[in-house]
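The values are calculated or read from the model by the stated rules, or taken from the named source; none is laboratory data. What you see is a predicted model; the values in this text were computed from it and never measured. All Cβ positions, even for glycine, are placed from backbone atoms using ideal geometry, and neighbour counts span all protein chains on display. Heavy atoms of the whole protein, side chains included, go into the accessibility calculation; ligands, DNA and RNA do not. Shrake-Rupley method; radii C 1.70, N 1.55, O 1.52, S 1.80 Å.
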Amino acid sequence: MPIHELTSAYRRGETTPTAATEAYLARIAKLDGELGAYLTVTREHALRAAADADARYRAGTPLGPLDGAPLAYKDVLCTRGVTTTCGSRMLERFVPPYDATVIARLAAAGAVMLGKGNMDEFAMGSSTEHSAFKPTRNPWDLARVPGGSSGGPAAAVAAGLAAGGLGTDTGGSIRQPAAFCGVVGLKPTYGRVSRYGLVAFGSSLDHIGPFARDVTDAALLLRAIAGADPRDSTCLPAPVPDYAAGLPQGLTGLRLGLPDEYFIDGMDPEIERAVRAAVDVVRGLGATVERVSLPATPHALATYYVIAPAEASSNLARYDGVKYGLRVPGARDLVEMSSRTRAAGFGAEVKRRIMLGTYVLSAGYHEAYYGRAQKVRTLVRRDFDAAFGRVDLIVAPMTPNVAFKHGEKEDPLAMYLNDVFAVPADMTGLPAISVPCGFSVQGLPIGLQFIGKALDEAGVLRAAYAYEQATPWHTRKPALP
């Protein structure tokens, strides 16, 4: 049940936050051994928060539309007193002494934390196969991946193991798993949501955003977490609209651009058919749709895989066995201790990206790789600026394929290509959302992406809502017990 329906039921007295939380915890106990969506389940914490919400509803003073909503948070967000591992042995025993701003804001809105969601180690991956602890499985087909790196929260929402959740999106890590799992995933504008308390991967690319069963819930969650934060200097002081109130405006009069470069050779034909059918629906709802060109798109992925590893190599330098995290004992000196700690604490994908990032930042190569990549990033941004001179939103496929099988993409390059439609919105910092737009013949979800102008989350949500209300895809659920 979506959050807005659940909290309406609380207000009508048909159920209570405690009853709902207990039902979610029972479902987690029943199914998560196979799904692997959670790394930590915070049962006692959740029941205390739910009991507090019960009291507010009994008194007729609920905090708002999220009071008592049971949520799952990606394990890259700091939670006071609750282990935050980032899916890595390096932080296996790290217990933050503070909450990330987004966690604190949702707690202030009355949300109930069910637990911490599984993820690719340090958010590096597109399948949640690179968690140091266990893989997460796709609720629509347990042999397949849920996407990544926020695969745990996405799978939890899709499987009914949480009513909603939070993930992070550095190269598509909210929208791609949302597409693979058949739920809604929103990446807001860079700076719209505070990243204080987010364990950094790529500082110029990291975004925090919601997972939800429908667009209305995504709007409610975004409003709760967005807004200025003096603890994050990159957080914008822009006013936060009432996104849910603006959803019913419809698409009449909106101009949408369909980029030629998002329909590529090798793309799954079922994806292209579903997306073009969705575009016809959008057109039928009153929007005008025209072709646009984003010519730097083919270079965006390669550029991303220079910039993101470079920033990762810098951010992850702090895990040296001295300040916090894992320390391997028995070394003869500081250098050996740090080397042995990093060798034991990081998995293969993280090591690969650290080495790549260190190389492109090294003396003699910085300008040739990192500097040049930043120039291409400017070209990607200018493409979108030019397109938004003609249209209000971009509509496009979210992924070139449906969810793939575990172990199917062992070649890192094949895995990276899965992000081809996702990374431009991270490179530009523009808001983007994935909504379900159909299913393959094998019954696997397909995602439709809307990309908006900076700070136009309201427009992105409005378009996604209009499409969602005109189609049945968001009502389907995986065949789980």
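Worth a mention:
- Taking first residues from the range 343-370 that are within 22 Å of S127 (Cα to Cα) and partners that are surrounded by 14 or more Cβ atoms within 10 Å (Cβ to Cβ) and among the charged types (D, E, K, R), the Cβ contacts under 6 Å between residues at least 6 apart in sequence or on separate chains come to G345/R89; G347/E121; V350/E121.
Quick grid of which residues meet (1) small (G, A, S); (2) within 23 Å of T79 (Cα to Cα):
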| residue | (1), (2) |
| --- | --- |
| S194 | yes, yes |
| L198 | no, yes |
| H207 | no, yes |
| V215 | no, no |
| A218 | yes, yes |
| L222 | no, yes |
| P230 | no, yes |
| V240 | no, no |
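- Test: residue in the range 219-235 that is open to solvent by 10 Å² or more (accessible area, probe 1.4 Å) and touching a Pro at 6+ places or on another chain (Cβ under 6 Å): yes
- Residue ID - nearest to R390 (Cα to Cα), chosen from residues in the range 253-287 that are among the acidic types (D, E) and either in contact with a strand residue (DSSP E or B) (Cβ under 9 Å, 6 or more places away or on another chain) or in a helix (DSSP H, G or I) (or both): D260
- Restricting attention to the range 458-481, the residues that are part of a loop (DSSP other than H, G, I, E, B) and either open to solvent by less than 10 Å² (accessible area, probe 1.4 Å) or among the aromatic types (F, W, Y) (or both) add up to 0.
- Some residue of the range 242-256 being open to solvent by 10 Å² or more (accessible area, probe 1.4 Å), aliphatic (A, V, I, L, M) and under 23 Å from the mean Cα position of the chain (by Cα): yes
- Residue within the range 202-214 that is under 19 Å from F122 (Cα atoms), crowded, with 24+ Cβ neighbours inside 10 Å and among the polar types (S, T, N, Q) present: no
- Any pair with Cβ under 7 angstrom, 6 or more apart, that starts in the range 311-338 at a residue that is open to solvent by 80 Å² or more (accessible area, probe 1.4 Å) and ends at one that is assigned to a loop (DSSP other than H, G, I, E, B): Y324/F94; R327/G321
- Residue identified as more than 17 Å from A312 (Cβ to Cβ) and at pLDDT 95 or above among F388, F346: F388
- Single residue of the range 377-410 satisfying the filter (in contact with a helix residue (DSSP H, G or I) (Cβ under 8 Å, 6 or more places away or on another chain) and among the polar types (S, T, N, Q)) that is farthest from V183 (Cα to Cα): N401
- Within the range 305-320, the set of residues being within 15 Å of F346 (Cβ to Cβ) and assigned to a helix (DSSP H, G or I) comprises P309, A312, S313, S314, N315, L316, A317, R318.
- Output for the range 141-167, where each listed residue is of a type in the set (S, T, N, Q) and either open to solvent by 10 Å² or more (accessible area, probe 1.4 Å) or out of contact with any Asp or Glu (no Cβ under 6 Å at 6 or more places or on another chain) (or both): S150
- Every test in (1) open to solvent by 10 Å² or more (accessible area, probe 1.4 Å); (2) more than 30 Å from A51 (Cβ to Cβ) is passed by A178 save one, and that test is (1).
- Checking the stated criteria, V335 turns out not to satisfy the condition of being farther than 26 Å from L461 by Cβ and touching a His at 6+ places or on another chain (Cβ under 9 Å).
- Candidates T475, T471, T428 - the one that is under 23 Å from D385 (Cβ atoms) and among the hydroxyl-bearing types (S, T, Y): T428
Per-residue answers, yes or no, for (1) in contact (Cβ under 8 Å) with a residue 40 or more places away in the chain; (2) of a type in the set (A, V, I, L, M, F, W, C); (3) not in a loop (DSSP other than H, G, I, E, B):
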{"residue": "Y73", "(1), (2), (3)": "yes, no, yes"}
{"residue": "T85", "(1), (2), (3)": "yes, no, no"}
{"residue": "D99", "(1), (2), (3)": "yes, no, no"}
{"residue": "I103", "(1), (2), (3)": "yes, yes, yes"}
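- Search result, residues across the range 354-383 that are open to solvent by 30 Å² or more (accessible area, probe 1.4 Å), assigned to a helix (DSSP H, G or I) and of a type in the set (A, V, I, L, M): M355, L356, L361, A368, V376, L379
- Checking each residue in the range 1-48 for being open to solvent by 70 Å² or more (accessible area, probe 1.4 Å) and part of a loop (DSSP other than H, G, I, E, B) picks out M1, E14.
- Single unsatisfied condition, L247 versus (1) part of a helix (DSSP H, G or I); (2) under 30 Å from S362 (Cβ atoms): (2)
- Residue list for the range 411-457, filter: free of Cβ contacts under 8 Å to residues at least 24 places away in the same chain and either open to solvent by less than 10 Å² (accessible area, probe 1.4 Å) or not in a helix (DSSP H, G or I) (or both): D411
- Neighbours by Cβ (under 8 Å, 6+ apart or cross-chain): first from the range 384-407, open to solvent by 10 Å² or more (accessible area, probe 1.4 Å); second part of a loop (DSSP other than H, G, I, E, B) and of a type in the set (G, A, S): P400/G266; V402/S440; K405/A143; H406/S127; H406/A143
- Within the range 45-66, not a single residue is closer than 28 Å to A143 by Cβ and in contact with a Leu (Cβ under 8 Å, 6 or more places away or on another chain).
- Listed by first and then second residue, the pairs linking a residue in the range 1-19 that is over 12 Å from A50 (Cβ atoms) to a residue that is outside any helix (DSSP H, G or I) and open to solvent by 60 Å² or more (accessible area, probe 1.4 Å), with Cβ atoms under 8 Å apart and 6 or more places separating them unless they lie on different chains, are I3/P65; H4/P65; T7/P65; A9/M1.
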